[in-house]
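Taking it in order: structure first as structure tokens, then the write-up.
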Amino acid sequence: MSQKRVLTGITTSGTPHLGNYVGAIRPAIEASRTGEFESFFFLADYHALIKCQDADKVHQSTLEIAAAWLAMGLDTEKVTFYRQSDIPEITELTWLLTCMTAKGLMNRAHAYKGAVQANTDAGEDEDMAISMGLFSYPILMAADILMFNAHKIPVGRDQIQHVEMARDIAQRFNHHYGEHFVLPEAQVDDNVATLQGLDGRKMSKSYGNTIPLFLTEKQLKKHINKIKTNLLEPGQPKDPDSSAVFQMWQAFASETQVQTMRDEFANGIAWGEAKRQLFELVNEQLREPREKYLQLVENSAEVEAVLKQGAEKARQSSSALIADVRSAVGIRSLG
Ligand code: TRP
């Protein structure tokens, strides 16, 4: 294995939004084009079940997120692009890792602790509505990563702990059964934009404050107009660095355009005008992908075929690794 491997997944529990695009899809596609790494990108549909038990929504989201990656120009010849649930070795590995994972490690997961804390604060039983899926979430994620011996895991800050847990689990497995897994590292890129949502918090489907990636022009304009601003009038200087409008501008603009908008803010550009320019900028970049996206969503069989091909490619690695690991734990033929 000469080239280092990069791997990341997106949970299929909602419609792809601008935050997914600038924070995950765009940087992943750009990195894959450099040819520096071998890239594995996937749809984390088993992870979706932890947060979303609406079957139609999980199904539709899988199509939309896959179509979004493809519409944005992912080259599936160059990368391995697949759906988690098409790789049965991942769930198999999850169990083998579960038996090597300390319960105490899982007790420390932020997402689980947060859920317990919320129950306690509400005066409820601390286990209320907490499934074993939520509790074991980091082990499934560790299996995603370790399955392909990925070195670099580009993630948002909220996922760093999960990658560290994958590393801990790999270490423990290697220590007990011999070297089988690469120890992965989280890669948090400060140049990758995190967008604020409509309410000023981080754009996230959990907060319901997102701007979907593929809206009609009219809807996109409407959403951009809803981004929270302050009461400063036209002509009054505005602070770009605390503005969600400027932040989104930065995520889509060239360096020169960023500087120009900075000056415009200092000169007191009206919020309406800043939003109009932002709409033009974003809309221009989404125009072509939007067409492609709509076409793919209408032809879901085409997307399915791409994913099936990706799974076949992925399983060349995963079937070899699982055979090795099964044998290592003592699950092997008696013949
Ligand atoms: N848990 C990640 C998220 O919610 C998605 C994910 C699942 C993932 N498996 C992964 C990310 C493996 C990186 C590597 O954002």
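The values are calculated or read from the model by the stated rules, or taken from the named source; none is laboratory data. Keep in mind that what you see is a predicted model, and the values were worked out from it rather than measured. Note that we place each Cβ from the backbone using ideal geometry, even for glycine, and neighbour counts take in every protein chain shown. Each accessible area value is taken on the protein alone, full model and side chains, heavy atoms only, with ligands, DNA and RNA left out. Shrake-Rupley method; radii C 1.70, N 1.55, O 1.52, S 1.80 Å.
With the simple spin-label model, which puts each label point 7 Å out from Cα in the Cβ direction, the Q309 to E36 separation comes to 2.7 nm.
Which entries in the list K152/K222; K222/K308; K275/K308; K222/K292; K226/K308; K113/K313 go over 32 Å, if you measure between the two C-alpha atoms of each? Among K152/K222; K222/K308; K275/K308; K222/K292; K226/K308; K113/K313, the Cα-Cα distance tops 32 Å for K152/K222; K222/K308; K275/K308; K226/K308; K113/K313.
Note on the chain: helix-only mean residue ellipticity at 222 nm, from DSSP H runs of 4+ residues weighted -39500 (n - 2.57) and normalised by residue number, equals -17500 deg cm²/dmol.
In percent, how large is the relative contact order of the stretch 214-295, given Cα pairs closer than 8 Å and 6 or more residues apart?
Numbers: 64 pairs, mean separation 33.2, N = 82.
Over the stretch 214-295, the number comes to 41 percent.
Rounded, prolate or oblate: which one fits the chain, using the alpha carbon gyration tensor with axes a ≥ b ≥ c (rounded when a/c is under 1.5, else prolate when a/b beats b/c, else oblate)? Prolate is the answer for the chain, as a/c is 1.5 or above and a/b outweighs b/c.
For the chain, which whole percent of the accessible surface, found with a 1.4 angstrom probe, sits on carbon and sulfur atoms?
On the way: 8330 of 16990 Å².
With neighbouring chains kept in place, the figure for the chain is 49 percent.
Using mean Cβ contacts within 10 Å as the protection proxy, how do 129-138, 292-301 order, highest first?
Values: 129-138: 16.2, 292-301: 14.5.
Those peptides, ordered most packed to least, come out 129-138, 292-301.
With both labels modelled 7 Å from their Cα along Cα-to-Cβ, the E273 to E302 distance reads 4.2 nm. What the chain shows is 51 Å² of accessible area per residue, with the surface traced by a 1.4 Å probe over protein heavy atoms.
Label sites at N191 and A118, each approximated as a point 7 angstrom past Cα along Cα to Cβ, lie 3.5 nm apart.
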